[in-house]
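One structure below.
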Amino acid sequence: MEQIDTVVEEPASWSRRLERRVMNPLIKTGQGYWIIVALLALVVAWGVYAYSTQLRDGLIVTGMRDRIQWGIYIISFVFFIGISHAGTLISAILRVAKAGWRTPVTRIAEFITVVALSIGGLMPIIDLGRPDRIHHMFIFGRWQSPILWDLLSITTYLTGSIIYLYLPLIPDLARCRDRLGNEAHPWKRAFYRLASVGWQGTEKQHKYLRIAMGCMMVLIIPVAVSVHTVVSWIFGMTLREPWNSTVFGAYFVAGAIYSGIATIIIIMVILRRVYHLEEYITRQHFINLGYMLGAFVLIMLYFNVLEYVTTGYKLAGEGRFHFQQLMTGPFAPAFWFYILGGMVVPGLIILNPGTRTIPGLIVASIFVDIGMWLERFIIVVTGLRVPLMPYAASWYTPTWVEWSVMAAAFAGFGLIIAVFVKLFPVISIWEVEEHREHQEAVRVAEQSLQRLREEAAVTQPASRTAFTWEGRHESS
């Protein structure tokens, strides 16, 4: 594993440099930042205008009809809920496994979870013709409906993810409160005082913080798995031939983590470059995430072989129509890009040491995210397109309203991240410091042990050493 810092220096000096680098975006804002924020805000505003058109005229302004009643909104819902999983789930797994290299990565991953859940949770509401009746889900909802299960699971997951994000933030918020002083705006200082909840860094506070984080990271893993399993049940428990699959739950969870890792890599590259975090988010962090991405390439390939080989072998009933529309029909370009571009190409990039670099992983991650969005498109649209009765297959073409709302969702995702980096340190300073202290302690212990071995080798006669090892060998 690559060390976070290869130059030996005093811990106090290294910590001060880490603080300055991570806290600098909180007090200094360049012109480029405001340009990006303005562009993202314009896209969001255009999406709001498009949605207002839908509210005024109804769902007739979309491409959805009675035969294909779900479109880009539900596709984006599944996509955003999917990329949310890699954040908290991977962070929790790496914390449980005590993987030290995770420390500069976890906060970015955890925040991606909260933002993606917030954006994704809005998409089914946008999909409704009468969003003003959303409260009827709580008043008249039937417990037999997977949609109600989905509502409860996402709400639970979002609540847990916010808590899981906030707990490790407390020590860094207190550090911002104590270190920034007059460099920060008065409202920011007031925010840090309030959000740090009186943190003083005592041993007792650290103890309770670790207990709380330990409880949350154990709880959040089954919750995260259950959320996308329930999302898959919305499809799997609907009477549609292409969705009659018992592995949809595992398939959706694997796809969620797969696209989530790719999104983390892309956002990490951007933040690393913009805020000059190369010393702390190193090449090895991307390589480790690349290995995880490669593992899920194999898992996703396995699930797709499992799904389409069995369907293609039988070609029974409506499965023949579904199989043909994917393999050679109108959806063949999207399907084969998903298979080749979304899995095979990223797998080859990760497999080859020459392309297993940061630029290569960026390319692989972009292919993965595009491929996984197309996978959701294929599941939703082609599944609904299969006729239930002997009539001609319908078609779905998204309108400008749907494209505009989807663009606003992605822009809103970026806009919230842009606001986050101006309020919170993007790297967990205290965890990175603790990891470095642990590395230094291990290094000092290894050096001391090596010196003891060298001194023992000098003082002990060579013949006696040879006799001792020979005797041990014989006795063993």
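Against the compact-protein benchmark of 2.2 N^0.38 Å, the Cα-based radius of gyration of region 328-382 scales to 1.22. The HN-Hα couplings worked out from phi for region 76-85 by the Karplus form 6.51 cos²θ - 1.76 cosθ + 1.60 (θ = phi - 60°) are 5, 4, 5, 5, 5, 5, x, 5, 5, 5 Hz, whole numbers, x standing for Gly and Pro.
Here the spin labels are modelled as points 7 Å beyond Cα on the Cα-Cβ line, and at N182 and L351 they lie 6.2 nm apart. Volume of the convex hull of region 343-424 (Cα atoms only), normalised per residue: 149 Å³.
Give the dimensionless ratio obtained when the Cα radius of gyration of the chain is divided by 2.2 N^0.38 Å. It would help to have the intermediate numbers written out before the result.
Values: Rg = 26.2 Å, N = 476, 2.2 N^0.38 = 22.9 Å.
In units of the 2.2 N^0.38 Å rule of thumb, it is 1.14.
For region 304-395, the calculated P(r), taken from all Cα-Cα distances in 5 Å bins from zero up to the bin holding the longest distance, is 3, 13, 20, 21, 15, 11, 8, 5, 3, 1, 0 percent. Seen from every direction in turn and averaged, the convex hull around the alpha carbons of region 160-297 projects onto 11.9 nm². Relative to the longest principal axis of the Cα atoms of the chain, the long axis of helix 318-327 makes an angle of roughly 60 degrees. Between K204 and R65, the distance separating the two model label sites (each 7 Å from Cα on the Cα→Cβ line) works out to 6.9 nm. Here S259, S232, S15, S448 are placed in order of increasing Cβ neighbour count within 10 Å, fewest first, which gives S448, S15, S232, S259. Distance distribution P(r), region 47-203, all Cα-Cα pairs, bin width 10 angstrom from 0: 9, 27, 28, 21, 13, 3, 0 percent.
Stokes-Einstein at 10 °C, 1.306 mPa s, Kirkwood radius from Cα pairs: D for region 47-117 in µm² s⁻¹? Write out the running numbers ahead of the final one.
Working: Rh = 14.7 Å.
The estimated diffusion coefficient comes to 108 µm²/s.
Computing Rg and the Kirkwood Rh from the Cα coordinates of region 188-249 gives a ratio, Rg/Rh, of 1.35.
Seen against the Cα atoms of the chain and their longest principal axis, helix 429-459 is set at about 40 degrees.
Taking the C-alpha atoms only, the angle from helix 400-420 to the longest principal axis of the chain is near 20 degrees. Considering all C-alpha pairs of region 22-61, those separated by over 17 Å amount to 53%.
Please compute the contact order of the chain in relative form: average sequence separation of alpha-carbon pairs under 8 Å and at least six residues apart, divided by the residue count, as a percent. Mind showing how you got there, number by number?
On the way: 542 pairs, mean separation 140.2, N = 476.
Over the chain, the number comes to 29 percent.
Among T156, T103, the order by Cβ neighbours within 10 angstrom, fewest to most, reads T156, T103. Counting only Cα atoms, the size of region 286-336 along its three principal axes is 44, 21, 11 Å, in decreasing order. The chymotrypsin sites (Phe, Trp or Tyr not before Pro) of region 125-162 that DSSP puts in a loop, and whose beta carbon has at most 14 other beta carbons within 10 Å, are W143. Each residue of region 44-56 is assigned a 3J(HN,Hα), and the resulting list reads 4, 4, 5, x, 5, 4, 4, 5, 4, 4, 5, 4, 6 Hz, derived from the Karplus form 6.51 cos²θ - 1.76 cosθ + 1.60 (θ = phi - 60°), x at Gly and Pro.
Read the figures in this text as sums done on the coordinates, not as results from a lab. Since we're looking at a predicted model, the values are computed, not measured. For neighbour counting, all protein chains shown are included, and Cβ atoms are generated from backbone atoms with ideal geometry for every residue, glycine included.
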